[in-house]
1. With a 10 Å radius around each residue's Cβ, average the other Cβ atoms per peptide and rank 37-49, 297-309, highest first.
2. Rounded to the nearest 10 degrees, what's the angle between the helix 64-78 long axis and the longest principal axis of the chain, both from Cα atoms, 0 to 90?
3. How far, in nm, would the chain grow between GLU8 and ALA166 when pulled straight, counting 0.36 nm per residue and subtracting the alpha carbon separation?
4. Can you compute the radius of gyration and Dmax for the chain, using only the Cα atoms, both in Å?
5. How much of the accessible area of the chain, probe 1.4 Å, is carbon plus sulfur, in whole percent?
6. So what's the projected area for segment 17-141, the Cα convex hull averaged over all directions, in nm²?
7. Please list VAL101, VAL154 from largest to smallest accessible area, probe radius 1.4 Å, with all protein chains kept in place.
8. Let me cross-check VAL196: its accessible surface, 1.4 Å probe, with only protein heavy atoms counted, in Å² to the nearest 10?
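The values are calculated or read from the model by the stated rules, or taken from the named source; none is laboratory data. Note that the structure is predicted; figures quoted are calculated from it, not measured. For neighbour counting, all protein chains shown are included, and Cβ atoms are generated from backbone atoms with ideal geometry for every residue, glycine included. Keep in mind that these areas ignore ligands, DNA and RNA; they rest on the heavy atoms of the full protein, side chains included. Shrake-Rupley method; radii C 1.70, N 1.55, O 1.52, S 1.80 Å.
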Amino acid sequence: MTAIDIPEHSLFGLANLPYGVFSTPGAAPRVGVRVGESVVDLAVALGDEVFARPSLNPFMAQGYDRWVRVRRQITELVSGDLPDAAVHPVAEVTMHLPIDVADYVDFYASEHHAANLGRLFRPNAEPLMPNWKHLPVGYHGRSGTVVVSGTDIVRPCGQRKAPEDAAPTFGPCRRLDIEAELGFIVGTGSELGTPVPVADFASRVFGVVLVNDWSARDIQSWEYVPLGPFLGKSFATSISAWVVPLLALAEARVPTPPQDPEPLPYLRESEPWGLDIDLAVSWNGQVVSRPPYREMYWSPAQMLAHLTINGAATRTGDLYASGTVSGPEKHQRGALIELTWGGTQPIRLGAEPRTFLEDGDHITITATAPGPNATRIALGDVSARILPAPQWTAAG
Ligand code: CA
């Protein structure tokens, strides 16, 4: 038997207990929970086959009461002795995509980000579009290209046309960017024709991941009118391997910033679901931004209510992301296009001035949130390296 030793001040203590899908050499991927520097194999520890699957979906589909019960069981289990076969050092396991991603939606919920992009893309107009403070703006993305942290990102190719170019050209993206976001995972879906009220958020949404919504700005700026993001986004979206249960984020809840004008009734919250989560973006090991999630204008409960108000169904494994998290200060911007103001104000990486991502670059997004008794808990980080565009593009 093994007793798990949780280091003092661990960001993965008993108040966190994130879920993921892991494998060890020669064994199939299955569900585990992270405790300190260990991964607990839940199929072995709890003797329940729902955890012997390569995805969290079957467990998530069992619903809120079951999530609460299992979390309580795990807390008791890991405080005592566990069978040796149930415990693995986190450094010795391979992590996999934690969920079967059903549908994927990306919102645009930071007023600072939306206003900055408005100023960059439409310099002679109002920064925010007239709808922005009335509804959480979003678009449907591509669930099949959501990848787990650690997966290399291949530079995409496509059509790009700068304003001064006479015609578009084809080739590797020249303005490859990041977007630091949170992602919310639907645990129990909703029927077609049945909107999910804001008050049902906590019983529907299982947990939270960190998201990097990779963005090819040159492809995006040429293609996006009038239907919105398409190939400039759909080549890859990275998520963290660990899913922090919403149940672990009780201490992080804060009101959203004041919403003026008052939203329509279906978007009004009686209990606040803003989240006081601090993100950090590292570019080749250097922290270049610290975006504060508490500044987000729309809450994730409002996003889910809006996403379903037309009667759209949701399913176990749906992922909806918040949109780039940007605060009011320059060092709080969650995308390079904002940090470098459209590439006109380079960042110093070490001694080198840089604007967008180059091949071989490495991006890691981390985040922490308040836990009980002045402790902190971590979200799983989301990390990836940029690989060169495929060679066939030379013939493009
Ligand atoms: Ca985005």
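1. Details: 37-49: 18.2, 297-309: 24.3.
Peptide ranking by packing, descending: 297-309, 37-49.
2. 60
3. Numbers: separation 158, 0.36 × 158 = 56.88 nm, distance 6.11 nm.
Gain on extension, GLU8 to ALA166, equals 50.8 nm.
4. Computed over the Cα atoms of the chain, radius of gyration and Dmax are 21.0, 70 Å.
5. Working: 9000 of 16840 Å².
Carbon-and-sulfur percentage of accessible area, whole number: 53.
6. On the way: hull surface 44.2 nm².
Answer in nm², one decimal: 11.0.
7. Working: VAL101 30, VAL154 75 Å².
From most accessible down to least: VAL154, VAL101.
8. Surface open to solvent at VAL196 totals about 10 Å².
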